[in-house]
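To keep things clear, I will list the structure first and then write my remarks on it.
Please treat every number below as a calculation from the coordinates, not as lab data. Fair warning: this is a prediction, and the values are worked out from it, not measured in the lab. Cβ placement follows ideal geometry from the backbone for every residue including glycine, while neighbour counts extend to all protein chains displayed.
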Amino acid sequence: MKAPSTKIEPPRLGEPYLLTPGPLTTSFAVKEAMLRDWGSWDDDFRAMTQDMRTRLLSLLGDGADDFDCVPMQGSGSFAVEAMLGTFIPKDGKALVLANGAYGLRSAKTMEYLGREHVVLDKGDYLPPRGQEVAQILADDSAITHVVAIHCETSSGILNPVEEISEATYAAGRKLLVDSMSAFGAIPLEVSKVRYEAMVSSANKCIEGVPGFGFVIARKSELEASKGNCHSLSLDVHAQWDNMEKTGQWRFTPPTHVVAAFLEALRGHEAEGGVAGRGARYTNNRDVMVAGMRDLGFETLLKDRWLSPIIVTFFCPADPNFEFSRFYGLMKDRGFIIYPGKLTVVDSFRVGCIGQMDAEVMRQVVTAAKETLAEMGVASAAPPAAALEERAKLAA
Ligand SMILES: *Cc1c(COP(=O)(O)O)cnc(C)c1O
């Protein structure tokens, strides 16, 4: 689908574009929505909270009636911890699927919670596959839950959540999804992918500012989760129960952030919802990746695994290339890029999300071209070791 043309304006204060996966570049209207103060207990703010929850649920498609949305204060990781601590009972056991920093963070969270878990660690980026999940579940009947990362933002890979979900439910277990960096741009419709709960946050694909996350969970799971949580402030059941009864958050809500997020949700709807937003990001990625490949850069991932969220490139082998200098010169040209997270070879990342369109992405490529010339880098081609690394990934 083609994105309806919503106007993308350059940042009004002339600040650099954030080519990062949140915080990201937001619209002026989103920033402007924060100019007013709101009383947290007042009816107006309660109505805003309710509007936000309803709008988020509408992104789930058919079957959304069985789910509810519970916002939680804090950054995205707080919401992940809230989901794990609330839905995996103290005597449960999780299989955590990891292929990057966020999968490992979920595993570490389980360790902090002192709850039983095993980790399928695929390294820097190789995707966890349905068959592997099926095998592990067949071998270990104590596992009650599978935890999957939708887009693993550390490499930018779009993990195969559909096949992971099928394997999980074929074995009679339950799926929890960290869709932090994907929700709002990549469909996660409950009629197509089965899961019990997922999390995302205000400052990713909906294009709000940082300050809270939200858990979207099956109502039956919410009802059954009373008393599971290790933490007062992260108890999703308690937050939900209180919100249902009073319309209020239990503790001080980030009022301005919620106001900005509502404006961001209106912008999301005007752009054509998940399909429209996903189409713009996909076009951003395609234009940027094609331009960078023309300069000689290579992506870590083969096309099939590239998400429209963020793309990892190998650093050039040329001895004149140095990431910190590249970063600084790109920033001078108005673009903040992101260091890579691969352990084996040097890399950097370029995000495709936020208030940016294909025209901005062309400017990014031009800036990269000028920067290479300024650094005296003749070729952006990666070292042979990088390409050997990539060969491990199936098409
Ligand atoms: C952004 C993100 C998180 C949360 O990170 P915070 O820094 O706590 O907001 C979690 N998982 C994924 C996949 C993410 O992209």
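If each of Lys192 and Lys90 carries a label point 7 Å out from its Cα toward its Cβ, how far apart are those two points in nm?
Taking the two extended label points, one gets 4.0 nm.
Take every Cα-Cα pair in the chain and report what % of them are more than 32 Å apart.
Pairs farther apart than 32 Å: 35 percent.
Sequence-distant or interchain residues sharing an amide H contact under 5 Å with His117, placed H: which?
Amide H to amide H, under 5 Å and 5 or more residues apart or across chains, His117 pairs with Ala94.
Work through the residues other than Met243 whose Cβ is under 11 Å from its Cβ and net out their charges, Lys, Arg +1 and Asp, Glu -1.
+1
Let me make sure I get this right: for the stretch 84-131, a, b and c are the square roots of the gyration tensor eigenvalues over alpha carbons, sorted descending. Under 1.5 in a/c it's rounded, otherwise prolate if a/b > b/c, else oblate. Which is it?
The shape class here is prolate.
What's the local net charge at Phe78, with K and R +1, D and E -1, over the other residues with C-beta under 13 Å away?
Neighbour charge sum, excluding Phe78 itself: -2.
For the stretch 1-87, compute Rh as the Kirkwood radius over C-alpha pairs and then the Stokes-Einstein diffusion coefficient at 4 °C and 1.567 mPa s; write the answer in µm²/s, rounded to an integer.
78
Taking every DSSP beta bridge with both residues inside the stretch 30-270, roughly what % is antiparallel (nearest 5)?
Rounded to the nearest five, the antiparallel share is 45 percent.
I need the Kirkwood Rh of the stretch 273-394: take the reciprocal of the average 1/r across all distinct C-alpha pairs and report it in angstrom.
14.7
I'd like the FRET efficiency for Glu15 and Lys392, computed as 1/(1 + (r/R0)^6) with the beta carbon distance as r and R0 of 51 Å, rounded to 0.05.
Efficiency at R0 = 51 Å is approximately 0.85.
Straight-line reach only, C-alpha to C-alpha below 18 angstrom: list the lysines that Lys108 could link to, leaving out same-chain residues fewer than 8 apart.
Within the straight-line cut-off, Lys108 pairs with Lys90, Lys93, Lys122, Lys341.
How much length is gained on full extension from Lys331 to Gln131, taking 0.36 nm per residue of separation minus their Cα-Cα distance?
Going from the current span to full extension adds 67.7 nm.
Tally Lys and Arg at +1 and Asp and Glu at -1 over the other residues with C-beta under 15 Å from the C-beta of Pro339: what net charge comes out?
Local net charge: +1.
Cα-based Rg of the stretch 105-249 per 2.2 N^0.38 Å, rounded to two decimals?
The value comes to 1.07.
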